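The values are calculated or read from the model by the stated rules, or taken from the named source; none is laboratory data. No experiment lies behind these values; they were computed from the predicted model shown. Please note: Cβ atoms are built from the backbone with ideal geometry, for glycine as well, and neighbour counts cover all protein chains shown. Please note that ligands, DNA and RNA were not included when accessible areas were found on the heavy atoms of the full protein model with its side chains. Shrake-Rupley method; radii C 1.70, N 1.55, O 1.52, S 1.80 Å.
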Amino acid sequence: MQLSTSSFPFEVSTTDDQELPYQLLAKFDEPALAAYRALSDKYSREDYRVSLVDATVLIIEDRAAELLGSLEFDEEGYWLDMYVETEAALQLFISAICPVFQDPALLETYIRRVADGYKY
């Protein structure tokens, strides 16, 4: 599959599921993505870890809200796993959402917003 722009830090693959044929996966606990984990940890508390899903949903709401109905999310530890309904939705995610993940300062603003929304 030819992608229009970089999907970094997400790996893109296909699935056998006809309803959700594309997978986006970021393993933020891997050494190459340690800065992402550190950013999440920076805004987490002992009793609350900033959700990568919540941060991603906030980014989508701001930049491409129409994607929300086309994705299914799964989060385990520092892994963010998403399944996408169509190639068009995949391309929109890559072009509108991935650039936020590629800009540490911009990503931090979203993570901070999620953390600030949590009532301590």
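Points to keep in mind about this one:
- Of the residues screened, A96 is not one that is of a type in the set (A, V, I, L, M) and either over 28 Å from G117 (Cα atoms) or open to solvent by 40 Å² or more (accessible area, probe 1.4 Å) (or both).
- Candidates R49, R37 - the one that is without any contact (Cβ under 8 Å) to a residue 60 or more places away in the chain, within 14 Å of the chain's Cα centre (by Cα) and under 23 Å from V114 (Cα atoms): R37
- Residue within the stretch 66-76 that is in contact with a Phe, Trp or Tyr (Cβ under 6 Å, 6 or more places away or on another chain), charged (D, E, K, R) and at pLDDT 95 or above present: yes
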